[in-house]
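The values are calculated or read from the model by the stated rules, or taken from the named source; none is laboratory data. Computed from a prediction, not measured in an experiment: that's the story for all the values here. Note that we place each Cβ from the backbone using ideal geometry, even for glycine, and neighbour counts take in every protein chain shown.
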Amino acid sequence: MAERVVVIEDEPLVRDLVVFNLRHVGYEVDTAGTFAAGLELLKTRPDLAIVDVMFPGGDGFSLTREARDQQLNFPILMLTARSDGQSKVRGFDCGVDDYVTKPFDIPELLARVRALLRRGKGASAPAPSKLALGKFWVRFDTGHALSKDGEVSLSDKELKLVEYFSRHEDKVVSRSDILEEVWGSHVNGDRLVDGAVTRLRAMFESNPEAPTIFITVRGRGYLFKRP
């Protein structure tokens with residue numbers, strides 16, 4: 001049975017382009033062009049939804065939040081001309097799983113749809129992960145941290161370290177445990193850990209000299225507390 005995608009977009013040219021290409025590769029597609037019609041369509045629980053930001057009767061942010069409030073947990077991809085950081089953060093904060101800006105590349109859009117559908121079915125690819133960290137949203141799938149003021153990119157080790165801390169929130173973790181998990185080694189690499197934590201503090205702490213997120217516990221290691 002074909003997977004079903006709904007497209008909530010009031011601009012006919014964009015809607016027709018997206019629908020044509022989705023149907024061309026085998027998806028079943030339904031559409032809506034207003035907030036009310038879109039919400040009713042989301043209640044039918046499709047496999048995935050593609051949602052614009054601006055349409056009659058409301059906006060994509062409110063629509064996504066309403067869907068999540070009603071426990072509609074299928075993947076939602078926001079497709080919009082709004083490329084500013086504040087809009088992206090607002091979208092993720094409302095519950096979208098991916099964010100694509102117009103103008104967009106059709107092959108990339110289809111690839112993102114495929115990836116979200118795999119994750120939605122619980123395939124081997126992990127579900128999209130994001131972490132609210134201060135004024136940022138950290139995306140574990142892309143390695144980017146977004147805020148209304150812009151974005152920063154984390155290295156692979158920095159990203160793994162943030163993910164490790166997030167899985168051990170409010171627990172003291174030793175430098176040796178961090179080394180094993182993030183660097184895959186028990187070698188004496190305390191400086192590696194301390195240097196990486198210092199960089200994370202510079203990115204995410206409002207006052208890196210008096211950290212409240214990545215806290216040093218003397219003689220034991222580090223404590224992560226989400227702000």
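Brief remarks follow.
- Unique residue being in contact with a Lys or Arg (Cβ under 6 Å, 6 or more places away or on another chain) and outside the structural domain of S83 (by TED's automatic domain parsing) when the list is S147, S176, S166: S147
- The strands (runs of 3 or more DSSP E) located wholly in region 145-227 that include 3 or more residues which are not aromatic (F, W, Y) occupy 150-153, 214-217.
- Meets criteria (closer than 19 Å to S147 by Cα and of a type in the set (S, T, Y)) for T80: yes
- The residues on offer are E209, E169, E180, and the sole one that is out of contact with any helix residue (DSSP H, G or I) (no Cβ under 8 Å at 6 or more places or on another chain) and surrounded by 13 or more Cβ atoms within 10 Å (Cβ to Cβ) is E180.
- For region 193-206, a residue qualifies if it is more than 10 Å from E158 (Cβ to Cβ) and touching a helix residue (DSSP H, G or I) at 6+ places or on another chain (Cβ under 6 Å), and exactly one does: V193.
- Near pairs, Cβ below 7 angstrom, 6+ apart or cross-chain, from region 161-173 (farther than 16 Å from D194 by Cα and touching a residue at least 60 places away in the same chain (Cβ under 8 Å)) to any residue that is not in a helix (DSSP H, G or I) and not aromatic (F, W, Y): S166/L131
- Annotation: of all residues in region 58-78 being of a type in the set (S, T, N, Q) and touching a residue at least 12 places away in the same chain (Cβ under 8 Å), the one that is surrounded by the most Cβ atoms within 10 Å (Cβ to Cβ) is T64.
- Candidates are the residues of region 79-119 that are farther than 15 Å from V51 by Cβ and of a type in the set (S, T, N, Q); the one that is surrounded by the fewest Cβ atoms within 10 Å (Cβ to Cβ) is S83.
- F92 vs. criteria under 18 Å from V6 (Cβ atoms) and assigned by TED's automatic domain parsing to the domain that holds E9: no
- If you go through region 216-226 and keep only what is touching a strand residue (DSSP E or B) at 6+ places or on another chain (Cβ under 7 Å) and farther than 13 Å from V162 by Cα, you end up with T216, V217, R220, G221.
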